[in-house]
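For reference, the structure is listed below as C-alpha cells.
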Amino acid sequence: MSPLTWELFGFVVLAMFALDLFQTRKDTPSLKKALVWSLFWFALAFVFCAVIYLYWPLMAPESSYTRTDASVAFLTGYLLEKMLSVDNLFVFALIFSQFAVPESSRPRILLWGIIGALALRAVMIFVGAELLAQYHWILYIFAVFLIITGVKLWFADTEENSDFASSKLVMFFKKHIPFDDKYHGNQLFAKVSGKTIATPLLLVVIVIMFTDIMFALDSIPAIFAITQEPFLVFAANVFALLGLRSLYFVLQGMLDKFCYLQPALAFILSFIGIKMFLVGTKYEVPTVISLLTIVAIITLAIIGSIYKNRSQQQEIQD
C-alpha cells in the first residue's frame, strides 16, 4: 500500500468523523434524521468499494490482490463488521439503561466509544497483520477462538448475565476515583462542594470503551479470515463504525425485535472460524462465497425476526 494512499485515507477518515460529529452535535437526533444519515453512511461504504475497484492498482501497486479481489474483500469485511457492530448496539442500550443515562448525553458517549474503538482496532489490526505475516499458525488460534465464541453465543443471554452497573470494573473505578451520583449534562468532571469529581458519564464512557475491547477480540480475528491486507481490514472497520451513532437512534426502539440476530451472529462467527482453518488449503472458501453467505444469513435473520414479531402480534390480537 502506497504511503500516499494511507495519507489520503487518513484525511478522508478525519473528514468523515468530523461530519458525523457535526451532524449529531446537538441533542438526540430525530428518527428521520438518524435514518437518513444511517443510509448515507451505508451508501458511502459502497461508493468507497467502487473507488477501490477503479483505483486499486494505483492505491496498492505492489499488492497481489486484483481490483476485484480487493473490492470484494472490503465489501465482505464491511458487512461482517457492520453485522457485529449492530450486536454492539444491544449492549450499549443495556448499559445506558442500567446507568440511567439521559437521552441528551447518549450521542456524546457513543462518540467517545467509537473513537476509542477505532484507536484500539487500529493497534490490533497492524499488530495482528504483522504477526500473521510472520506466524501463519496464529490463524488457527483465531479460528478456534471464533468457533468457541460462536458456540457460546448460541446459549448466551446478554440481558440476564451482564450487570454492568455492578461489575468488578465499575467497583474498581468507584473505589479509586470519587464519583458524584448525579449527571452534570455532558461533563465528565464537575465541581461539587468546591471539589472536582468525576460524573457518572465518565464511568459510562469507561464501561463502553472496555466493552469495545471485548467486541474487538471477536471482530478483528473474524475479518482476518476475509483478508489479511491491513488497509482493507482497517477501512472496513472505519466504515462499519461510521454512522454507528445514527444507527443506534434508528434501532433503539427496535433492538428487542431482532430476535434472530444472536443465532445469526453465532453462525457467522462459527463459519468464519471454519473458513480460517481452511486458509491456504485446497478447500479454502472463496471470499465471494463468504460474502454471499453473510448476506444470506443477515437477510434470513431480518426476515425471520419480522415474521416472528408479526406472528406474536397476531396471537396477542386474537
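The values are calculated or read from the model by the stated rules, or taken from the named source; none is laboratory data. Everything numeric in this text was worked out from a predicted model, so none of it was measured. We place every Cβ from the backbone using ideal geometry, glycine too, and count neighbours over all the protein chains shown.
Looking at the stretch 223-239, can you tell me whether even one residue there is in a loop (DSSP other than H, G, I, E, B), of a type in the set (D, E, K, R) and either at pLDDT below 85 or farther than 26 Å from Q98 by Cβ (or both)? Reasoning before the result, please.
As a first pass, look at the stretch 223-239 and keep what is in a loop (DSSP other than H, G, I, E, B): 225-229.
Filter once more, keeping what is of a type in the set (D, E, K, R): 229.
This time we only want the ones that are either at pLDDT below 85 or farther than 26 Å from Q98 by Cβ (or both), so: 229.
Yes, that holds for at least one residue.
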*Within the stretch 193-208, is there a residue that is aliphatic (A, V, I, L, M) and either on the phi > 0 side of the Ramachandran plot or not in a helix (DSSP H, G or I) (or both)?*
yes
*If you check every pair at least six apart or on different chains, which have Cβ atoms under 8 Å apart with a residue in the stretch 261-288 that is basic (K, R) first and a residue that is at pLDDT 85 or above and in a helix (DSSP H, G or I) second?*
K275/S290
*asked:* Just to verify a result, which residue in the stretch 242-285, among those that are within 17 Å of P221 (Cβ to Cβ) and within 16 Å of the chain's Cα centre (by Cα), is surrounded by the most Cβ atoms within 10 Å (Cβ to Cβ)?
replied: L269
*Does any residue of the stretch 154-177 turn out to be surrounded by fewer than 19 Cβ atoms within 10 Å (Cβ to Cβ), in contact (Cβ under 8 Å) with a residue 40 or more places away in the chain, within 22 Å of Y260 (Cα to Cα) and among the small types (G, A, S)?*
yes
*What are the residues in the stretch 87-138 that are under 19 Å from H184 (Cβ atoms) and in contact with an Asp or Glu (Cβ under 6 Å, 6 or more places away or on another chain), if any?*
S104
_Within the stretch 90-99, does at least one residue satisfy the condition of being under 14 Å from the mean Cα position of the chain (by Cα) and either among the acidic types (D, E) or within 15 Å of L242 (Cβ to Cβ) (or both)?_
no
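Counting just the residues of the stretch 106-140 that are part of a helix (DSSP H, G or I), over 20 Å from the mean Cα position of the chain (by Cα) and touching a residue at least 24 places away in the same chain (Cβ under 8 Å), which one comes out surrounded by the fewest Cβ atoms within 10 Å (Cβ to Cβ)? Show your work before the answer.
Of the stretch 106-140, the ones part of a helix (DSSP H, G or I) are 106-134, 138-140.
Next, only the ones that are over 20 Å from the mean Cα position of the chain (by Cα) stay: 130-134, 138-140.
Now drop any that are not touching a residue at least 24 places away in the same chain (Cβ under 8 Å), which leaves 132-133, 139-140.
On the way: L132: 18, A133: 11, L139: 20, Y140: 13.
Among them, the one singled out is A133.
Specify the residue that is farthest from A235 (Cα to Cα); the eligible residues are those in the stretch 85-97 that are polar (S, T, N, Q) and buried (at least 18 other Cβ atoms within 10 Å of the Cβ). So that I can check it myself, show each step before the final result.
Going through the stretch 85-97, the residues polar (S, T, N, Q) turn out to be 85, 88, 97.
If we keep only those that are buried (at least 18 other Cβ atoms within 10 Å of the Cβ) as well, we get 85, 88.
Details: S85: 15, N88: 19 Å.
Restricting to residues being polar (S, T, N, Q) and buried (at least 18 other Cβ atoms within 10 Å of the Cβ), the top hit is N88.
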_Pairs with Cβ under 6 Å, 6+ apart, first in the stretch 83-105 and in contact (Cβ under 8 Å) with a residue 24 or more places away in the chain and polar (S, T, N, Q), second surrounded by fewer than 20 Cβ atoms within 10 Å (Cβ to Cβ) and in a loop (DSSP other than H, G, I, E, B)_ = S104/D27; S105/N186
